[in-house]
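Have a look at the structure below, then the notes.
The values are calculated or read from the model by the stated rules, or taken from the named source; none is laboratory data. Please read all numbers here as calculations on a predicted model, not as lab measurements. Don't worry about glycine lacking a Cβ; one is built from the backbone with ideal geometry, like all the others, and counts go over all protein chains shown. Accessible surface is based on the protein model in full, side chains and every heavy atom, while ligands, DNA and RNA are left aside. Shrake-Rupley method; radii C 1.70, N 1.55, O 1.52, S 1.80 Å.
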Amino acid sequence: MRTEVSELPGLGSRSGSGNSAPGLNWAGNYRYTAAAIHRPRSLEEVQEVVAGATKIRALGSRHSFNAIADSPGDLISLDELEPGIHIDSAARTVTVSGGTRYGTLAEKLEANGFALPNLASLPHISVAGAVATATHGSGDANGNLATSVAALEIVAADGTVHHLGRGSSPDFEGAVVGLGALGVVTKVTLDIEPTFTVRQDVFESLPWGTVMENFDAATSSAYSVSLFTDWRGNAVDQAWLKSRVFGADTAGGDSSAASGNAAPEPAFAGSTFFGGTRATAARHPLPGVSAENCTEQLGVPGPWSERLAHFRMAFTPSSGEELQSEFFVRREDAVAAIAELRALSDRITPLLLVSEIRTVAADRLWLSGACGRDSVGFHFTWKQRQDEVEEVLPAMEEALAPFNARPHWGKLFHAGAARLAGLYPRFADFKDLAERMDPEHKFRNEFLARKVFGS
């Protein structure tokens with residue numbers, strides 16, 4: 001079998017030649033230490049590469065901001081595999097290669113009259129990578145992207161293929177958010193539903209007092225609600241509301257609202273929303289930045305595939321020169337947690353590009369940020385000042401400690417395994433599962449040693 005192998009120039013490669021860009025993550029803040037990256041073109045080649053490796057990790061779209069995807073040995077990318085998008089209309093599922101981008105999948109589903117219940121801010125991320133880290137969209141009734149997983153195909157350390165399905169595999173809920181520690185996820189089967197139409201409205205300058213007094217009412221006002229802030233001042237900068245639109249005259253719309261997740265018709269037809277005023281032109285989350293690469297706003301209805309993400313698939317949303325962190329707290333603790341973060345604005349704001357507050361429904365996935373609890377995520381997009389960001393993270397985590405805040409696995413955070421173990425009821429069970437599936441520790445790396453398997 002022939003598998004394409006390319007060295008990562010400047011990162012311990014033998015030749016040191018070529019463009020150094022492949023050795024960096026998307027943000028440019030992390031340089032992979034692996035010597036080589038394999039790009040197999042078939043499942044059989046994946047099996048051969050994995051079985052023959054001493055240490056190996058799967059590398060997705062490089063949208064992690066820490067070392068989670070790195071390997072002390074080799075990396076394997078699935079971006080040369082065919083997307084293999086197979087829609088099962090009767091079962092209401094779609095099966096795709098793990099390396100498929102959400103934007104590619106969304107376009108295919110929409111063309112065939114189907115939809116995913118949610119998308120993350122960026123449609124550019126890979127399905128397997130997003131699922132493995134419990135990456136998410138937004139919405140009171142919407143689980144993170146991993147909750148749509150109905151089945152997984154995983155190549156284990158010895159090259160054998162394992163199939164795990166919801167309801168048929170006892171370890172399924174532990175394997176979905178697997179952090180890449182169990183094997184290489186080559187296929188993912190996701191739940192789908194009939195396509196639906198969405199409108200997106202933006203409101204500006206919402207008074208903090210009004211938002212905090214009406215937090216539940218504000219976030220439940222649409223199918224998905226995102227609040228953008230820099231944590232200083234007396235107002236939330238922007239509220240982005242994505243609402244399902246019903247009626248026979250909406251192209252692609254689902255007039256039956258059969259999914260059960262649908263929010264009611266927009267209750268904000270006027271010019272204000274909890275003290276904020278309706279934007280009269282398209283907005284970017286960052287003040288003064290062109291909205292050209294953002295999904296369409298101003299209440300114009302369109303397919304879910306062109307509204308649920310914040311950014312369009314056809315555009316690179318930014319140069320990537322940013323850092324990210326995110327923490328999840330119980331929904332009932334959201335207002336108190338907001339107060340703690342606002343109190344740290346003198347340290348947070350100077351390092352910040354923008355912050356986003358969004359809600360996520362509870363799930364049962366062992367290492368999900370929303371496992372067992374409806375959650376609110378506090379997302380931070382930082383300037384490229386990593387040393388300073390890492391200095392403020394312990395203070396933020398201490399402020400959020402009373403709320404048992406869980407970090408996003410693919411973003412910057414300070415806590416180690418000892419602290420994290422107490423935040424997830426099934427943490428020890430996940431470690432046992434990883435030991436059973438990877439007894440040789442082929443898929444482990446320094447990040448997992450510190451954050452999961454350490455003491």
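Candidate cross-link partners of residue 411 among the aspartates and glutamates, defined by an alpha-carbon separation under 17 Å and a same-chain spacing of 8 or more, comprise 70, 321, 322, 326, 356, 387, 388, 390, 391, 397, 446. As I understand it, the value is the acute angle between the Cα axis of helix 43-52 and the longest principal axis of the Cα atoms of the chain; what does it come to in degrees, rounded to 10? Taking Cα atoms only, the helix is inclined about 60 degrees.
A straight Cα-to-Cα reach below 15 Å connects residue 187 with the aspartates and glutamates 44, 45, 79, 80, 82, 88, 153, residues fewer than 8 places away in its own chain not being considered.
In this rough spin-label picture, where each label sits 7 Å from Cα along the Cβ direction, the residue 436-residue 339 distance is 4.4 nm.
Can you send over the carbon and sulfur percentage of the accessible area for the chain, probe radius 1.4 Å, protein chains only? Intermediate results must be reported in sequence, preceding the final value.
On the way: 8520 of 17230 Å².
Of the solvent-accessible surface of the chain, carbon and sulfur hold 49 percent.
Calculated accessible area for the chain comes out at 38 Å² per residue, all protein chains present (probe 1.4 Å; ligands, DNA, RNA ignored).
Note down the net charge around residue 227, summing +1 for each Lys or Arg and -1 for each Asp or Glu among other residues with Cβ under 12 Å from its Cβ. My count for the surroundings of residue 227 gives -3. Summary of the geometry: segment 24-77 and segment 395-455, compared by the centres of their Cα atoms, lie 20 Å apart. Helix 427-437 versus the longest principal axis of the chain: what angle, 0 to 90°, nearest 10, using Cα atoms? Tilt relative to the chain: about 30 degrees. Our helix-only sum for the chain, with -39,500 (n - 2.57) per DSSP H run of n ≥ 4 divided by its residues, gives a mean residue ellipticity at 222 nm of -5000 deg cm²/dmol. Rounded to the nearest 10 degrees, the angle from helix 386-400 to the longest Cα principal axis of the chain is 70 degrees.
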